[in-house]
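What follows draws every value from the coordinates through simple rules; no lab data is involved. The model shown is predicted, which means the values in this text are computed figures rather than measured ones. Positions of Cβ are generated from backbone atoms using ideal geometry, with glycine treated the same way; all protein chains shown enter the neighbour counts.
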Amino acid sequence: MESAASSPNFGRPWSASRKRYFRLNEFATDAVLLALRAPDIYAIWVHKRLGAKMREMVMVTVSAANACRFCGFVHSRWAEHVAVSAATVERLYALDPDAFEPRTGSALAYARARVLADFARIDPALEREALARNSEQELRDIELVARVMTLANRSTNNIDALLARIQGEPVEGSRALDEWVIGTASALGLITMVPALCVWRRQSPFALARDFRRFSRTLR
């Protein structure tokens, strides 16, 4: 049985977001740094230290900030599995923290700001607001989730850069070697997720592909 897939109205903020890519040295550095934090990653994902719902909302928010259509598609669908409604996903893509209750909104605004600042310093007032409504541990976990998602986003964005190069329109500043190595590896990783998504959503691979194409069109 194939479930009908809707195409939410994600609006213009996504289009205004930055699409960033990885170079091999950047990917290696970030991957090593995250590997060193494996115990925390395990605690967040396996022991649910942060909470699955907040984790997925952060991942969707970060995918929007990094303009990654591949991760955005997967996590907007997976968010449904942890009780994040389609309407909430639309609000996440609108990048409007005021659309949420203050505690959640401040956490999402913090995650987005850290991503857009490349994890450097952010507006002190925004940081104080986040700390006033969330614990230091929660914000550390939120930032770690944002870093993990950014690694995935920038890697899979290389798929788009590779496709653009193949079509004769290479992305300025993106290198062919990075695109072929990281983009191909990312594409293979995404392919391994297709069976699980098809089973969970009760869709055929063809229906899932149509769903993804509709999703991608809403982001243009």
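Things worth noting here:
- Sparsely packed loop sites in the range 93-148 (the trypsin sites (Lys or Arg not before Pro) outside DSSP H, G, I, E and B with at most 14 other Cβ atoms within 10 Å) comprise Arg121.
- Were the residues from Thr184 through Val199 laid out at 0.36 nm apart, the gain over their Cα-Cα distance would be 3.0 nm.
- Angstrom value of the Kirkwood radius, inverse mean 1/r, which spans all Cα pairs in the range 10-120: 14.7 Å
- Under the span-like rule (Cα at least 30 Å along the axis, Kyte-Doolittle mean at least -0.5), DSSP H helices of the chain: 136-166
- Extreme residue, positive dipole direction of the chain, given options Met149, Val194, Leu131 (C-beta unit charges): Val194
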